[in-house]
1. Residue check: is Pro174 outside any helix (DSSP H, G or I), within 22 Å of the chain's Cα centre (by Cα) and surrounded by 23 or more Cβ atoms within 10 Å (Cβ to Cβ)?
2. Condition check: without any contact (Cβ under 8 Å) to a residue 40 or more places away in the chain and either small (Gly, Ala, Ser) or in contact with a Gly (Cβ under 9 Å, 6 or more places away or on another chain) (or both). Does Ser380 satisfy that?
3. Residue by residue through the stretch 376-398, note down the ones that are exposed (fewer than 14 other Cβ atoms within 10 Å of the Cβ) and outside any helix (DSSP H, G or I).
4. May I ask you to say which residue of Ser274, Ser309, Ser284 is more than 20 Å from Phe253 (Cβ to Cβ) and either among the hydroxyl-bearing types (Ser, Thr, Tyr) or in contact with a Cys (Cβ under 9 Å, 6 or more places away or on another chain) (or both)?
5. For Leu110, state whether it is surrounded by 15 or more Cβ atoms within 10 Å (Cβ to Cβ), modelled with pLDDT of 60 or more and of a type outside the set (Val, Ile, Thr).
6. Looking at the stretch 232-244, which of the residues that are of a type outside the set (D, E, K, R) and assigned to a helix (DSSP H, G or I) is farthest from Gly398 (Cα to Cα)?
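The values are calculated or read from the model by the stated rules, or taken from the named source; none is laboratory data. Bear in mind that the values here come from a model prediction, so they are computed numbers and not experimental data. Counting neighbours? That spans all protein chains shown, and the Cβs are built from the backbone with ideal geometry, glycine included.
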Amino acid sequence: MTAILVASLMLPFCIGYCLISLSWPRLGGAWEHLLLKASLSAGIGLGISSGIYFIGLLLFGPSRIVLLVEMLVLISLAAFYWNKTKVRFYSPSPVPDIFTISHPPCHWTLPLSFAIVFLTSMILLSLYIIHNPHGMPDAWGVWNLRARFIFRSGEYWANAFSSVLHWAHHTDYPLLIPCIVARFWQVLGHETQVVPALLSMSFTILTIFLMVSSLSILRGKSQAYLSGLVLASFGLFIHDGDNQCADIPVGFFYLATMVLLFIQERLPKNYNLSLLAGLTASLSGWTKNEGLLFLAAIAIARFAVAVKSEEIKNRLVQLLYFAIGTIPVMSIIIYFKVQLVPPNDLLQSLDHGHLIPRLIDLTAHVQIIKALVNHFLYYSYSLIMLAVCIACFGIKVGEVDKNGIVTSLLTLSIMFCGFYFVYLTTPHDLTWHLKTSLERVLLQLWPTFIFTYFLMVRSPEEVMVPKENRYD
(Lines give C-alpha, C1' and ligand atoms only; values in the text may rest on other atoms or scores of the structure.)
Protein backbone atom coordinates (compact mmCIF):
# COMPACT_ATOMS: atom_id res chain seq x y z
CA MET A 1 0.00 0.00 0.00
CA THR A 2 2.81 2.41 0.87
CA ALA A 3 4.45 2.05 -2.56
CA ILE A 4 1.14 2.69 -4.36
CA LEU A 5 0.43 5.70 -2.13
CA VAL A 6 3.87 7.21 -2.80
CA ALA A 7 3.58 6.58 -6.55
CA SER A 8 0.13 8.17 -6.71
CA LEU A 9 1.47 11.14 -4.71
CA MET A 10 4.38 11.67 -7.10
CA LEU A 11 2.07 12.03 -10.09
CA PRO A 12 0.47 15.33 -8.92
CA PHE A 13 3.89 16.58 -7.79
CA CYS A 14 5.39 15.96 -11.23
CA ILE A 15 2.44 17.69 -12.90
CA GLY A 16 2.93 20.71 -10.65
CA TYR A 17 6.69 20.70 -11.21
CA CYS A 18 6.39 20.63 -15.01
CA LEU A 19 3.75 23.37 -15.01
CA ILE A 20 5.84 25.62 -12.77
CA SER A 21 9.02 24.89 -14.73
CA LEU A 22 7.33 26.10 -17.92
CA SER A 23 6.73 29.50 -16.31
CA TRP A 24 9.52 29.75 -13.77
CA PRO A 25 12.44 32.20 -14.10
CA ARG A 26 15.96 30.79 -13.95
CA LEU A 27 16.77 31.60 -10.32
CA GLY A 28 19.75 29.32 -9.78
CA GLY A 29 20.22 26.01 -7.99
CA ALA A 30 20.58 27.05 -4.34
CA TRP A 31 18.56 25.07 -1.79
CA GLU A 32 16.03 27.85 -1.27
CA HIS A 33 15.19 28.01 -4.99
CA LEU A 34 14.74 24.24 -5.16
CA LEU A 35 12.66 24.14 -1.97
CA LEU A 36 10.44 26.99 -3.13
CA LYS A 37 9.83 25.28 -6.45
CA ALA A 38 9.16 21.92 -4.77
CA SER A 39 6.70 23.44 -2.27
CA LEU A 40 4.74 25.19 -4.99
CA SER A 41 4.85 22.08 -7.19
CA ALA A 42 3.36 19.88 -4.49
CA GLY A 43 0.53 22.25 -3.57
CA ILE A 44 -0.37 23.24 -7.13
CA GLY A 45 -0.08 19.64 -8.31
CA LEU A 46 -2.53 18.44 -5.67
CA GLY A 47 -4.92 21.23 -6.64
CA ILE A 48 -4.75 20.33 -10.33
CA SER A 49 -5.20 16.64 -9.50
CA SER A 50 -8.33 17.53 -7.52
CA GLY A 51 -9.74 19.44 -10.49
CA ILE A 52 -8.99 16.56 -12.87
CA TYR A 53 -10.68 14.12 -10.50
CA PHE A 54 -13.80 16.33 -10.32
CA ILE A 55 -14.01 16.54 -14.11
CA GLY A 56 -13.57 12.76 -14.20
CA LEU A 57 -16.51 12.45 -11.78
CA LEU A 58 -18.68 14.45 -14.16
CA LEU A 59 -17.65 12.37 -17.18
CA PHE A 60 -17.08 8.87 -15.82
CA GLY A 61 -18.12 8.80 -12.18
CA PRO A 62 -15.64 7.56 -9.52
CA SER A 63 -13.08 5.70 -11.62
CA ARG A 64 -9.35 5.06 -11.86
CA ILE A 65 -9.45 6.33 -15.42
CA VAL A 66 -8.58 9.77 -14.04
CA LEU A 67 -5.08 8.43 -13.38
CA LEU A 68 -4.72 7.88 -17.12
CA VAL A 69 -5.85 11.47 -17.70
CA GLU A 70 -3.28 12.68 -15.16
CA MET A 71 -0.57 10.71 -16.92
CA LEU A 72 -1.54 12.25 -20.28
CA VAL A 73 -1.45 15.72 -18.72
CA LEU A 74 1.98 14.98 -17.24
CA ILE A 75 3.34 13.65 -20.54
CA SER A 76 2.08 16.75 -22.38
CA LEU A 77 3.59 19.15 -19.84
CA ALA A 78 6.84 17.19 -19.75
CA ALA A 79 7.08 17.36 -23.56
CA PHE A 80 6.62 21.15 -23.51
CA TYR A 81 9.14 21.45 -20.69
CA TRP A 82 11.68 19.29 -22.50
CA ASN A 83 11.35 21.39 -25.63
CA LYS A 84 11.77 24.58 -23.63
CA THR A 85 14.84 23.16 -21.83
CA LYS A 86 16.49 22.24 -25.14
CA VAL A 87 16.06 25.80 -26.37
CA ARG A 88 17.48 27.22 -23.14
CA PHE A 89 20.42 24.83 -23.01
CA TYR A 90 22.39 26.83 -25.55
CA SER A 91 21.59 30.24 -24.10
CA PRO A 92 21.33 29.99 -20.33
CA SER A 93 20.34 33.18 -18.53
CA PRO A 94 22.02 34.13 -15.25
CA VAL A 95 20.27 34.58 -11.94
CA PRO A 96 18.85 38.13 -11.86
CA ASP A 97 20.90 40.43 -9.61
CA ILE A 98 17.74 41.51 -7.84
CA PHE A 99 17.50 38.06 -6.25
CA THR A 100 21.07 38.11 -4.97
CA ILE A 101 21.06 38.89 -1.24
CA SER A 102 24.30 40.76 -0.80
CA HIS A 103 24.68 40.96 2.98
CA PRO A 104 26.48 38.14 4.84
CA PRO A 105 24.65 34.88 5.65
CA CYS A 106 23.04 34.46 9.06
CA HIS A 107 24.77 33.05 12.09
CA TRP A 108 24.51 29.29 12.63
CA THR A 109 22.29 29.76 15.70
CA LEU A 110 19.25 30.74 13.63
CA PRO A 111 19.16 27.71 11.31
CA LEU A 112 19.89 25.42 14.26
CA SER A 113 17.07 26.97 16.31
CA PHE A 114 14.68 26.66 13.39
CA ALA A 115 15.66 23.02 12.82
CA ILE A 116 15.06 22.17 16.50
CA VAL A 117 11.69 23.96 16.62
CA PHE A 118 10.58 22.49 13.29
CA LEU A 119 11.48 18.91 14.25
CA THR A 120 9.83 19.31 17.66
CA SER A 121 6.67 20.65 16.01
CA MET A 122 6.60 17.76 13.55
CA ILE A 123 6.93 15.25 16.40
CA LEU A 124 4.05 16.94 18.23
CA LEU A 125 1.99 17.00 15.02
CA SER A 126 2.62 13.28 14.51
CA LEU A 127 1.53 12.58 18.09
CA TYR A 128 -1.61 14.65 17.58
CA ILE A 129 -2.47 12.61 14.49
CA ILE A 130 -1.81 9.29 16.24
CA HIS A 131 -3.96 10.36 19.20
CA ASN A 132 -6.72 11.81 17.01
CA PRO A 133 -6.58 10.01 13.62
CA HIS A 134 -10.02 11.22 12.48
CA GLY A 135 -9.35 14.91 12.99
CA MET A 136 -11.81 17.42 14.41
CA PRO A 137 -15.62 17.08 14.08
CA ASP A 138 -15.74 19.16 10.87
CA ALA A 139 -13.32 16.69 9.29
CA TRP A 140 -15.45 13.59 9.73
CA GLY A 141 -18.74 15.55 9.56
CA VAL A 142 -18.00 17.56 6.40
CA TRP A 143 -14.70 17.07 4.57
CA ASN A 144 -14.01 13.34 4.96
CA LEU A 145 -17.74 12.62 4.91
CA ARG A 146 -17.93 14.22 1.46
CA ALA A 147 -14.98 12.12 0.29
CA ARG A 148 -16.72 8.96 1.55
CA PHE A 149 -19.94 9.93 -0.24
CA ILE A 150 -18.01 10.32 -3.49
CA PHE A 151 -15.96 7.14 -3.06
CA ARG A 152 -18.80 4.87 -1.95
CA SER A 153 -21.74 6.10 -4.02
CA GLY A 154 -20.62 5.17 -7.51
CA GLU A 155 -22.87 6.75 -10.13
CA TYR A 156 -24.91 8.41 -7.36
CA TRP A 157 -21.95 10.45 -6.06
CA ALA A 158 -23.78 13.76 -6.72
CA ASN A 159 -26.24 12.87 -3.94
CA ALA A 160 -23.51 14.08 -1.59
CA PHE A 161 -24.75 17.61 -2.41
CA SER A 162 -28.47 16.99 -2.07
CA SER A 163 -30.53 19.90 -0.79
CA VAL A 164 -32.34 17.56 1.61
CA LEU A 165 -29.20 17.36 3.74
CA HIS A 166 -29.07 19.67 6.75
CA TRP A 167 -27.24 22.97 6.21
CA ALA A 168 -24.70 21.95 8.88
CA HIS A 169 -23.24 19.46 6.37
CA HIS A 170 -22.28 22.47 4.19
CA THR A 171 -22.93 20.79 0.86
CA ASP A 172 -21.78 23.95 -0.96
CA TYR A 173 -18.21 23.71 0.39
CA PRO A 174 -15.65 23.42 -2.43
CA LEU A 175 -14.14 20.02 -3.14
CA LEU A 176 -10.37 20.32 -3.38
CA ILE A 177 -9.77 18.33 -0.19
CA PRO A 178 -12.59 15.74 -0.61
CA CYS A 179 -11.60 15.10 -4.24
CA ILE A 180 -7.94 14.56 -3.35
CA VAL A 181 -8.86 12.18 -0.54
CA ALA A 182 -11.34 10.26 -2.75
CA ARG A 183 -8.75 10.12 -5.55
CA PHE A 184 -6.18 8.44 -3.32
CA TRP A 185 -8.78 6.02 -1.97
CA GLN A 186 -9.72 5.21 -5.56
CA VAL A 187 -6.08 4.43 -6.36
CA LEU A 188 -5.67 2.28 -3.24
CA GLY A 189 -9.02 0.57 -3.73
CA HIS A 190 -10.16 1.13 -0.16
CA GLU A 191 -10.62 3.82 2.46
CA THR A 192 -7.85 4.52 4.92
CA GLN A 193 -7.57 7.32 7.45
CA VAL A 194 -3.88 7.63 6.57
CA VAL A 195 -4.75 9.64 3.46
CA PRO A 196 -6.55 12.66 4.99
CA ALA A 197 -4.14 12.67 7.94
CA LEU A 198 -1.11 12.63 5.63
CA LEU A 199 -2.67 15.31 3.43
CA SER A 200 -3.32 17.58 6.41
CA MET A 201 0.23 17.14 7.69
CA SER A 202 1.69 17.70 4.20
CA PHE A 203 0.04 21.11 3.73
CA THR A 204 1.31 22.16 7.18
CA ILE A 205 4.88 21.29 6.20
CA LEU A 206 4.52 22.80 2.73
CA THR A 207 3.35 26.11 4.23
CA ILE A 208 6.42 26.33 6.47
CA PHE A 209 8.78 25.35 3.64
CA LEU A 210 7.15 27.82 1.26
CA MET A 211 7.58 30.69 3.70
CA VAL A 212 11.18 29.88 4.63
CA SER A 213 12.35 29.32 1.04
CA SER A 214 10.61 32.38 -0.40
CA LEU A 215 11.87 34.76 2.30
CA SER A 216 15.37 33.34 1.96
CA ILE A 217 15.27 34.39 -1.69
CA LEU A 218 13.51 37.73 -1.21
CA ARG A 219 15.05 38.96 2.07
CA GLY A 220 17.87 36.65 3.12
CA LYS A 221 18.38 33.59 5.31
CA SER A 222 17.97 35.38 8.67
CA GLN A 223 14.49 36.58 7.79
CA ALA A 224 13.65 33.12 6.47
CA TYR A 225 14.66 31.29 9.66
CA LEU A 226 13.03 33.90 11.91
CA SER A 227 9.75 33.57 10.03
CA GLY A 228 10.03 29.78 10.23
CA LEU A 229 10.59 30.02 13.98
CA VAL A 230 7.49 32.17 14.44
CA LEU A 231 5.26 29.93 12.32
CA ALA A 232 6.57 26.52 13.45
CA SER A 233 6.46 27.49 17.13
CA PHE A 234 2.84 28.68 16.93
CA GLY A 235 0.81 26.02 18.72
CA LEU A 236 -2.53 26.73 17.02
CA PHE A 237 -0.97 26.36 13.58
CA ILE A 238 0.70 23.05 14.39
CA HIS A 239 -2.35 21.69 16.20
CA ASP A 240 -4.55 22.72 13.28
CA GLY A 241 -2.27 20.63 11.09
CA ASP A 242 -3.96 17.48 12.35
CA ASN A 243 -7.61 18.59 12.10
CA GLN A 244 -7.99 17.36 8.48
CA CYS A 245 -10.04 20.41 7.47
CA ALA A 246 -9.24 22.94 4.75
CA ASP A 247 -7.93 25.91 6.74
CA ILE A 248 -4.22 25.10 6.47
CA PRO A 249 -4.51 24.21 2.74
CA VAL A 250 -6.39 27.41 1.91
CA GLY A 251 -3.79 29.38 3.89
CA PHE A 252 -1.10 27.69 1.79
CA PHE A 253 -2.73 28.92 -1.42
CA TYR A 254 -3.07 32.46 -0.02
CA LEU A 255 0.64 32.45 0.79
CA ALA A 256 1.60 30.89 -2.56
CA THR A 257 -0.29 33.63 -4.39
CA MET A 258 1.51 36.36 -2.45
CA VAL A 259 4.90 34.74 -2.96
CA LEU A 260 4.36 34.57 -6.72
CA LEU A 261 3.24 38.20 -6.84
CA PHE A 262 6.30 39.37 -4.88
CA ILE A 263 8.55 37.52 -7.32
CA GLN A 264 6.51 39.16 -10.10
CA GLU A 265 7.46 42.55 -8.63
CA ARG A 266 11.12 41.68 -9.23
CA LEU A 267 10.46 40.35 -12.72
CA PRO A 268 7.64 42.62 -13.97
CA LYS A 269 7.81 41.38 -17.56
CA ASN A 270 7.50 37.69 -16.66
CA TYR A 271 3.72 37.53 -16.98
CA ASN A 272 3.74 33.76 -16.49
CA LEU A 273 4.17 34.45 -12.77
CA SER A 274 0.83 36.29 -12.81
CA LEU A 275 -0.71 33.28 -14.55
CA LEU A 276 0.54 31.03 -11.75
CA ALA A 277 -0.67 33.50 -9.11
CA GLY A 278 -4.12 33.47 -10.70
CA LEU A 279 -4.07 29.68 -10.60
CA THR A 280 -3.13 29.50 -6.90
CA ALA A 281 -5.68 32.18 -5.99
CA SER A 282 -8.44 30.28 -7.77
CA LEU A 283 -7.31 27.04 -6.09
CA SER A 284 -7.94 28.76 -2.76
CA GLY A 285 -11.53 29.25 -3.94
CA TRP A 286 -11.70 25.54 -4.82
CA THR A 287 -10.49 24.78 -1.27
CA LYS A 288 -12.85 26.90 0.86
CA ASN A 289 -15.54 29.51 0.29
CA GLU A 290 -13.28 32.03 2.01
CA GLY A 291 -10.92 31.55 -0.92
CA LEU A 292 -13.47 33.22 -3.18
CA LEU A 293 -13.34 36.25 -0.90
CA PHE A 294 -9.54 36.13 -1.14
CA LEU A 295 -9.73 36.02 -4.94
CA ALA A 296 -11.95 39.10 -5.00
CA ALA A 297 -9.81 40.89 -2.38
CA ILE A 298 -6.52 40.36 -4.16
CA ALA A 299 -8.02 41.38 -7.51
CA ILE A 300 -9.25 44.63 -5.94
CA ALA A 301 -5.88 45.21 -4.24
CA ARG A 302 -3.88 44.57 -7.43
CA PHE A 303 -6.15 46.88 -9.41
CA ALA A 304 -5.82 49.63 -6.77
CA VAL A 305 -2.01 49.31 -6.91
CA ALA A 306 -2.08 49.30 -10.72
CA VAL A 307 -4.05 52.54 -11.11
CA LYS A 308 -1.75 54.31 -8.62
CA SER A 309 1.41 53.03 -10.30
CA GLU A 310 3.54 54.93 -12.79
CA GLU A 311 3.74 51.73 -14.85
CA ILE A 312 -0.03 51.33 -15.09
CA LYS A 313 0.01 49.68 -18.52
CA ASN A 314 2.40 46.91 -17.45
CA ARG A 315 0.48 46.31 -14.21
CA LEU A 316 -2.83 46.07 -16.01
CA VAL A 317 -1.26 43.47 -18.30
CA GLN A 318 -0.16 41.56 -15.19
CA LEU A 319 -3.72 41.77 -13.87
CA LEU A 320 -5.04 40.45 -17.19
CA TYR A 321 -2.70 37.46 -17.02
CA PHE A 322 -3.75 36.93 -13.40
CA ALA A 323 -7.39 36.83 -14.51
CA ILE A 324 -6.56 34.38 -17.32
CA GLY A 325 -4.81 32.14 -14.78
CA THR A 326 -8.02 31.86 -12.76
CA ILE A 327 -10.20 30.69 -15.69
CA PRO A 328 -9.65 26.87 -15.56
CA VAL A 329 -10.37 26.48 -11.84
CA MET A 330 -13.06 29.17 -11.75
CA SER A 331 -14.90 27.32 -14.52
CA ILE A 332 -14.99 24.25 -12.28
CA ILE A 333 -16.11 26.30 -9.26
CA ILE A 334 -18.90 28.04 -11.20
CA TYR A 335 -20.22 24.73 -12.55
CA PHE A 336 -20.10 23.20 -9.08
CA LYS A 337 -21.89 26.15 -7.46
CA VAL A 338 -24.53 26.59 -10.18
CA GLN A 339 -25.29 23.00 -11.18
CA LEU A 340 -24.64 20.75 -8.19
CA VAL A 341 -25.13 22.44 -4.84
CA PRO A 342 -27.89 24.37 -3.04
CA PRO A 343 -27.35 28.06 -2.20
CA ASN A 344 -24.92 28.96 0.56
CA ASP A 345 -26.69 29.33 3.91
CA LEU A 346 -24.98 32.68 4.64
CA LEU A 347 -25.73 34.26 1.26
CA GLN A 348 -29.27 32.91 1.23
CA SER A 349 -30.06 34.79 4.43
CA LEU A 350 -29.01 38.19 3.07
CA ASP A 351 -32.18 40.14 2.39
CA HIS A 352 -32.51 43.91 2.27
CA GLY A 353 -35.20 44.01 4.96
CA HIS A 354 -32.97 42.54 7.67
CA LEU A 355 -29.52 43.66 6.51
CA ILE A 356 -29.56 47.23 7.86
CA PRO A 357 -30.79 46.27 11.37
CA ARG A 358 -28.02 43.67 11.59
CA LEU A 359 -25.35 46.16 10.52
CA ILE A 360 -26.35 48.68 13.21
CA ASP A 361 -26.80 46.11 15.99
CA LEU A 362 -24.34 47.43 18.61
CA THR A 363 -24.65 44.27 20.70
CA ALA A 364 -23.36 42.17 17.80
CA HIS A 365 -20.47 44.58 17.20
CA VAL A 366 -19.43 44.39 20.85
CA GLN A 367 -19.67 40.59 20.85
CA ILE A 368 -17.52 40.26 17.72
CA ILE A 369 -14.89 42.68 19.01
CA LYS A 370 -14.70 40.83 22.35
CA ALA A 371 -14.27 37.53 20.53
CA LEU A 372 -11.50 39.03 18.38
CA VAL A 373 -9.67 40.35 21.46
CA ASN A 374 -9.94 36.96 23.18
CA HIS A 375 -8.64 35.13 20.10
CA PHE A 376 -5.75 37.54 19.64
CA LEU A 377 -4.61 36.49 23.12
CA TYR A 378 -3.84 33.07 21.60
CA TYR A 379 -1.39 34.90 19.34
CA SER A 380 0.21 36.84 22.19
CA TYR A 381 3.44 34.79 22.26
CA SER A 382 3.98 35.15 18.51
CA LEU A 383 2.93 38.81 18.53
CA ILE A 384 5.47 39.48 21.29
CA MET A 385 8.17 37.85 19.15
CA LEU A 386 7.15 40.05 16.20
CA ALA A 387 7.09 43.17 18.40
CA VAL A 388 10.61 42.39 19.65
CA CYS A 389 11.82 42.09 16.05
CA ILE A 390 10.45 45.52 15.19
CA ALA A 391 11.87 47.04 18.39
CA CYS A 392 15.31 45.56 17.76
CA PHE A 393 15.62 45.81 13.99
CA GLY A 394 13.17 48.48 12.79
CA ILE A 395 11.32 48.61 9.49
CA LYS A 396 12.83 48.72 6.02
CA VAL A 397 10.56 48.56 2.98
CA GLY A 398 12.55 48.15 -0.20
CA GLU A 399 11.38 50.05 -3.26
CA VAL A 400 10.93 46.82 -5.20
CA ASP A 401 8.64 45.38 -2.50
CA LYS A 402 6.54 48.47 -1.82
CA ASN A 403 3.70 47.65 -4.21
CA GLY A 404 3.69 44.00 -3.14
CA ILE A 405 3.42 44.95 0.53
CA VAL A 406 0.58 47.37 -0.20
CA THR A 407 -1.17 44.60 -2.15
CA SER A 408 -0.74 42.11 0.69
CA LEU A 409 -1.83 44.44 3.50
CA LEU A 410 -4.82 45.68 1.49
CA THR A 411 -5.83 42.09 0.68
CA LEU A 412 -5.59 41.04 4.33
CA SER A 413 -7.61 44.10 5.38
CA ILE A 414 -10.38 43.35 2.88
CA MET A 415 -10.43 39.72 4.03
CA PHE A 416 -10.68 40.78 7.67
CA CYS A 417 -13.53 43.21 6.89
CA GLY A 418 -15.26 40.45 4.91
CA PHE A 419 -15.08 38.07 7.87
CA TYR A 420 -16.41 40.79 10.16
CA PHE A 421 -19.33 41.41 7.79
CA VAL A 422 -20.17 37.69 7.68
CA TYR A 423 -20.33 37.48 11.47
CA LEU A 424 -22.40 40.64 11.63
CA THR A 425 -24.99 39.31 9.16
CA THR A 426 -24.93 35.61 10.08
CA PRO A 427 -28.33 33.87 10.20
CA HIS A 428 -26.99 31.53 12.89
CA ASP A 429 -26.45 32.08 16.58
CA LEU A 430 -23.57 34.55 16.72
CA THR A 431 -21.98 33.02 19.82
CA TRP A 432 -21.95 29.57 18.19
CA HIS A 433 -20.67 30.97 14.88
CA LEU A 434 -17.77 32.83 16.50
CA LYS A 435 -16.86 29.90 18.72
CA THR A 436 -16.74 27.37 15.90
CA SER A 437 -15.01 29.35 13.15
CA LEU A 438 -13.23 32.55 14.22
CA GLU A 439 -10.05 30.79 15.36
CA ARG A 440 -9.69 29.00 12.03
CA VAL A 441 -10.47 31.90 9.69
CA LEU A 442 -7.87 34.05 11.46
CA LEU A 443 -5.39 31.19 11.18
CA GLN A 444 -5.90 31.12 7.41
CA LEU A 445 -4.43 34.63 7.19
CA TRP A 446 -1.59 34.08 9.67
CA PRO A 447 1.10 32.68 7.30
CA THR A 448 0.54 35.49 4.77
CA PHE A 449 0.69 38.06 7.56
CA ILE A 450 4.01 36.68 8.86
CA PHE A 451 5.41 36.58 5.32
CA THR A 452 4.47 40.23 4.73
CA TYR A 453 5.77 41.25 8.14
CA PHE A 454 9.26 39.85 7.53
CA LEU A 455 9.41 41.56 4.16
CA MET A 456 8.96 44.85 6.02
CA VAL A 457 11.29 44.31 9.00
CA ARG A 458 15.03 44.80 8.70
CA SER A 459 17.13 41.65 8.97
CA PRO A 460 19.62 41.09 11.84
CA GLU A 461 22.57 41.53 9.46
CA GLU A 462 21.27 44.89 8.30
CA VAL A 463 21.34 46.04 11.92
CA MET A 464 24.47 44.34 13.23
CA VAL A 465 26.81 44.69 10.26
CA PRO A 466 28.27 48.19 9.96
CA LYS A 467 27.03 49.99 6.88
CA GLU A 468 30.53 50.45 5.48
CA ASN A 469 31.11 46.65 5.66
CA ARG A 470 27.95 45.68 3.81
CA TYR A 471 28.06 44.64 0.22
CA ASP A 472 24.80 46.42 -0.59
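1. yes
2. Numbers: without any contact (Cβ under 8 Å) to a residue 40 or more places away in the chain: yes; either small (Gly, Ala, Ser) or in contact with a Gly (Cβ under 9 Å, 6 or more places away or on another chain) (or both): yes.
The answer is yes for Ser380.
3. Our first condition is that a residue be exposed (fewer than 14 other Cβ atoms within 10 Å of the Cβ); within the stretch 376-398, this holds for 376-377, 380-381, 383-384, 387-388, 390-392, 394-395.
Result: Gly394, Ile395.
4. Answer to the check: Ser309.
5. Judged against the criteria, Leu110 is a match.
6. His239
Condition check ((1) assigned to a helix (DSSP H, G or I); (2) surrounded by 12 or more Cβ atoms within 10 Å (Cβ to Cβ); (3) among the charged types (D, E, K, R); (4) at pLDDT 90 or above) across all residues:
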{"site": "Ile52", "(1), (2), (3), (4)": "yes, yes, no, yes"}
{"site": "Leu58", "(1), (2), (3), (4)": "yes, yes, no, yes"}
{"site": "Lys84", "(1), (2), (3), (4)": "yes, yes, yes, no"}
{"site": "Arg88", "(1), (2), (3), (4)": "yes, no, yes, no"}
{"site": "Val95", "(1), (2), (3), (4)": "no, yes, no, no"}
{"site": "Cys106", "(1), (2), (3), (4)": "no, yes, no, no"}
{"site": "Ala115", "(1), (2), (3), (4)": "yes, yes, no, yes"}
{"site": "Leu119", "(1), (2), (3), (4)": "yes, no, no, yes"}
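Yes/no per residue for (1) outside any helix (DSSP H, G or I); (2) more than 22 Å from Ser202 (Cβ to Cβ); (3) among the aromatic types (Phe, Trp, Tyr):
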{"residue": "Leu125", "(1), (2), (3)": "no, no, no"}
{"residue": "Pro133", "(1), (2), (3)": "yes, no, no"}
{"residue": "Asn144", "(1), (2), (3)": "no, no, no"}
{"residue": "Phe151", "(1), (2), (3)": "no, no, yes"}
